[in-house]
Amino acid sequence: MVAVATDDREGICMPDIAAYGATAADSGVGPMVITRRELRANDVDIEIRYCGVCHSDLHTARNDWGRTNYPVVPGHEIVGIVRAVGADVTDFRVGDRVAVGCLVDSCLECDQCHDHQEQYCRAGTTGTYSGYDRIDGSPTHGGYAQRIVVRAEFVLRVPEALDLAQVAPLLCAGITTYSPLKFWNVGPGTKVGVVGLGGLGHMGVKLAAGLGAEVTMITTSPGKAADAQALGAQHVLISTDKQAMRAATGSFDFILDTVPVKHDLHPYLRLLRPGGTHVLVGVIEPIELHSGMLLGGRKQLAGSAIGGIRETQEMLDFCAERNILPDCEIIAMADINQAYERMEKSDVKYRFVIDMATL
Ligand code: NAP
Ligand code: ZN
């Protein structure tokens, strides 16, 4: 164990660090200085090497959900190297390759936490950004920054087989798609439709294919068909092609819907076979739904949020074993606003990842 006590860390600990964040819904994302807390006994201090860019970052920076705490430093697909650990930390050492996803704390006492479903903690989770630390109430700031300090229980291990520059999107896009695929027992013999070929969708295709399912990419962008097949989809269904949609009626066991904006669910529910399940992972406004769409065929409409820490580690190990890695466009920190604009136009192949050396 390498423990660096807070008192011994003069010269190592720099509470004020460089970051990129938003100060208001219309400010865009720009340089700022933030403070990271001093190491607590069970904390890990991580030098961030790469951070993925999730559509949730954009939603939060622009206050799309009306609950952003400004200033906000987005970024919850974080990978880096341990630079120090608190006195009680035994699972990590200085120099380890580690990662942090969307959660940095939960109560760890309720039934959900005991069941390794920290994302559904009864007391509420502490988000990696735009949240408040459970102990001192300070704002949490995400991965568009030089360093992050995180409670050890919420730090993941990056297997040696995974390239550090590509692994970041697994921490949100990866686990958010892996968790529902596992929960609904997707595997050989399952016919899966993945709606929306963006950051989450491209991981949904890769992971569902990796689990042995027959995968169809359901997209609004005919130009993405060849890519979808290269990612592992056997079939491509263009959702704006009414004839093709009609022909696919009743053919899917499971649909994973990653669309980030309000959309009509009826055409997708028609694609389910009796007993099939449509899972929403996109965070969207209230939806209108005729119950007949569910009654006829005993269909289920469900949602799913990220995944627990144990399952996130399982997903990282699964990806290492199967050599499943996101397709990343590496960008400089200063290009983040442009990246958001491209993401809004569904123009990303298929996840932006910020090289933190450019901060
Ligand atoms: P993204 O990279 O922007 O991809 C979204 C894709 O959805 C687009 O590439 C596009 O694919 C499709 N799309 C966009 N507008 C559409 C429309 N009007 N109708 C139909 N399809 C449309 O976004 P992301 O990072 O994957 O995130 C997706 C959503 O998941 C966001 O709302 C994000 O906040 C949410 N999220 C949820 C969780 C969770 O825990 N549940 C975790 C992370 C993110 P095509 O061009 O192929 O149609
Ligand atoms: Zn995310």
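Values for this structure:
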quantity: Beta bridges by DSSP in the chain, antiparallel share as percent, to the nearest 5; calculated: 55
quantity: Label-to-label distance, nm, for residues given as ARG67 and THR358 (7 Å Cα→Cβ offset); calculated: 3.2
quantity: Within-14-Å neighbourhood charge of HIS202 [Cβ basis; K, R +1; D, E -1]; calculated: -1
quantity: Proximal lysines to LYS191, defined as alpha-carbon separation beneath 28 angstrom and excluding residues fewer than eight positions away on the same chain; calculated: LYS182, LYS206, LYS224, LYS242, LYS262, LYS299, LYS349
quantity: Per-residue SASA entry for ASP335, accessible area with 1.4 Å probe, Å² rounded to 10; calculated: 60
quantity: Tilt relative to the chain, helix 199-210 - C-alpha long axis, 0 to 90 degrees, to 10; calculated: 70
quantity: Hull volume in cubic angstrom per residue (convex hull over the Cα atoms of region 152-300); calculated: 133
quantity: For the chain, built as a Gaussian network whose Cα springs stay under 10 Å, the top-fluctuating residue of GLY276, GLY95, GLY174; calculated: GLY95
quantity: Percent accessible area from carbon and sulfur atoms, the chain, protein chains only, probe 1.4 Å; calculated: 49
quantity: Residues of the chain: accessible area per residue with a 1.4 Å probe, Å²; calculated: 42
quantity: Nearest 10 degrees, 0 to 90: helix 173-183 Cα axis against the chain principal axis; calculated: 60
quantity: The chain: C-alpha gyration tensor shape, a/c 1.5 cut-off, then a/b vs b/c; calculated: prolate
quantity: Nearest 10 degrees, 0 to 90: helix 309-322 Cα axis against the chain principal axis; calculated: 70
quantity: Amide H partners (placed H, <5 Å) of HIS76, local residues excluded; calculated: CYS54, GLY143
quantity: Euclidean distance between Cα centres, region 45-118 to region 182-253, Å; calculated: 29
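The values are calculated or read from the model by the stated rules, or taken from the named source; none is laboratory data. For clarity, every value in this text was computed on a predicted model and none was experimentally measured. Ideal geometry is used to build each Cβ from the backbone, glycine not excepted, and the neighbour counts take in all protein chains shown. We work out accessible area using only protein heavy atoms, side chains counted, and drop any ligands, DNA or RNA first. Shrake-Rupley method; radii C 1.70, N 1.55, O 1.52, S 1.80 Å.
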